[in-house]
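In what follows, a structure is listed as structure tokens, so that the remarks can point back to it.
The values are calculated or read from the model by the stated rules, or taken from the named source; none is laboratory data. Since we're looking at a predicted model, the values are computed, not measured. Heads up, the Cβs are rebuilt from the backbone with ideal geometry, glycines too, and the neighbour counts pull from every protein chain shown.
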Amino acid sequence: MPTERQSRLLDILQRAESPVPGQALAEALGVTRQVVVHDIALLRAAGEPIYATPKGYWLNRPSPARETVIAVSHTPDQTKDELYTLVDHGVRVLDVRVEHVIYGEIVGHLLITSRRDVDVFLEKVRAEKAALLSSLTGGFHYHRVQFDREDQLVEACDALQRVGIQVMTDPSPGEVL
């Protein structure tokens, strides 16, 4: 059973149209950022689908949009082209995933929906001198993506291949990526 503060935190996330930065949640609740991190952890443990994205916390709600996983391979320098191409075709990039030999699947929640989101993400990578998850797998990685119409995904994948990015959509049942 969530505390009153945790219920208020959930309410803020449920009403949010976009991810909410941790500092904004802390200010709204009159607590420190660390208290928010702790409350988010407890809410996740209780089953709430709260994701930490580069833009803030996001409560994953059911959506009528379609989702699939695409497998891509490219150099770090092609990351901007990859993400721009996807969002330019109306494809939302929910996360990035790699299969690590030691840790298994590693997932980074992105929630990238626009060129501005791409720019903010890449600026954070640059400013923090962070390595992309795909650097762990020689450029090969997966994205869970969301789209409204099948043609958006098809056109985005064709465009990715035209700029030299290898791509494969979610396989048919029984097919292995």
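Do we have any residue at all in region 111-118 that's exposed (fewer than 12 other Cβ atoms within 10 Å of the Cβ), assigned to a strand (DSSP E or B) and at positive phi?
No, region 111-118 contains no residue that is exposed (fewer than 12 other Cβ atoms within 10 Å of the Cβ), assigned to a strand (DSSP E or B) and at positive phi.
Give region 121-146 a look and list any residue that's surrounded by fewer than 20 Cβ atoms within 10 Å (Cβ to Cβ) and closer than 16 Å to Leu94 by Cβ, or say none.
Passing the criteria: Leu133, Arg144, Gln146.
For every residue, the table says whether it meets (1) under 26 Å from Leu122 (Cβ atoms); (2) surrounded by 15 or more Cβ atoms within 10 Å (Cβ to Cβ).
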site	(1), (2)
Val31	no, yes
Tyr51	yes, yes
Gly56	yes, yes
Arg61	no, no
Pro64	no, no
Gln78	yes, yes
Arg97	yes, yes
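Filter region 120-177 down to residues that are among the small types (Gly, Ala, Ser) and outside any helix (DSSP H, G or I) and give me whichever is modelled with the lowest pLDDT.
That would be Gly174.
Identify the single condition in (1) β-branched (Val, Ile, Thr); (2) touching an Asp or Glu at 6+ places or on another chain (Cβ under 6 Å); (3) part of a helix (DSSP H, G or I) that Val107 does not satisfy, given that it satisfies every other one.
(3)
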